[in-house]
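Comments concern the structure below.
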Amino acid sequence: MKQVVQNYKSGELALLDVPVPGCKPGGVLVRTAYSLISTGTELMKVSEAGMSMLGKARSRPDQVAKVVQSVAVNGVPATYRKVMGKLDSYTPLGYSLCGVVEQVGAGIDDVKVGDLVACAGNEHALHAELNWVPKNLYAPVP
């Protein structure tokens, strides 16, 4: 299936073929009909990725604190490898979509296959053809 991703180090956006997520208990597998590309949050992520390392650090003091903590626990070389690996990997984008339920996981009784749902969540409502969405992050569309 196709998914929109971004390389945080270079800022490059790409459409990649990725594995289809499984339908786990407590959620539904949704085929995306529409996904929202936000001019706020996502534009910020895309523009942040094009910044220098110093610019990224200034815009994300929370992440700088995590790096400092990691240096204290793991040392500079291990932290450097971890940070560079994360920066040079692709990160999925998206957090809001509308789609049709394709599969229903165990424990779900409020929707059925074929129902239209609205979904949210930055790890579950991605710009992808299919998304697994937990019960607390979708709502049936009347």
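No lab work stands behind these numbers, since they all come straight from the coordinates. Keep in mind that this is a model prediction, so the values were computed, not measured. In this analysis, Cβ positions are derived from the backbone assuming ideal geometry, glycine residues included, and neighbour counts consider all displayed protein chains.
What aspartates and glutamates does Lys82 reach when the alpha-carbon gap must be under 18 Å and sequence neighbours fewer than 8 apart in one chain are set aside?
Lys82 reaches Asp62.
Starting from the Cα-Cα distance between Ser59 and Thr41, subtract it from 0.36 nm times their residue separation and give me the gain in nm to one decimal.
Gain on stretching Ser59 to Thr41: 5.2 nm.
Can you tell me the 0 to 90 degree angle between the C-alpha axis of helix 61-74 and the longest principal axis of the chain, rounded to 10?
70 degrees
Given labels modelled 7 Å from the Cα in the Cβ direction, how far is it in nm from Asp109 to Lys82?
Label-label distance for Asp109 and Lys82, simple model: 4.3 nm.
Taking amide H atoms as placed 1.01 Å from N in the peptide plane, list the residues 5 or more away in sequence, or in a different chain, whose amide H sits under 5 Å from that of Ile108.
Gly26
Pull up the cross-link candidates among the aspartates and glutamates for Lys9, meaning alpha carbon to alpha carbon under 15 Å and not fewer than 8 places away within one chain.
Glu48, Asp88
Is there a pair in Lys66/Lys112; Lys2/Lys135; Lys24/Lys56; Lys2/Lys112 whose C-alpha atoms are over 30 Å apart, and which pairs would that be?
Lys66/Lys112; Lys24/Lys56
Contour minus end-to-end for Ser10 and Thr91, with contour as 0.36 nm per residue of separation and end-to-end as the Cα-Cα distance?
Additional length available on full extension: 28.0 nm.
Which residue, Ala125, Ala57, Ala78, has the most motion in a Gaussian network model of the chain that connects Cα atoms within less than 10 Å?
Ala78
Gaussian network model of the chain, Cα springs within a sub-10 Å range: biggest mean-square fluctuation belongs to which of Ser96, Ser35, Ser59?
Ser59
Each residue of region 110-127 in turn: what ³J(HN,Hα) in whole Hz from Karplus with 6.51, -1.76, 1.60 and θ = phi - 60°, glycine and Pro shown as x?
3J(HN,Hα) across region 110-127, in whole Hz: 9, 9, 9, 3, x, 6, 8, 9, 9, 10, 9, x, 5, 10, 10, 10, 8, 7.
Divide by every residue of the chain the summed helix terms, -39500 (n - 2.57) for each DSSP H run of at least 4, and state the resulting mean residue ellipticity at 222 nm, rounded to the nearest 500 deg cm²/dmol.
-9000 deg cm²/dmol
Taking the 0 to 90 degree range and rounding to the nearest ten, how far is the long axis of helix 76-87 tilted relative to the main principal axis of the chain, both from C-alpha atoms?
40 degrees
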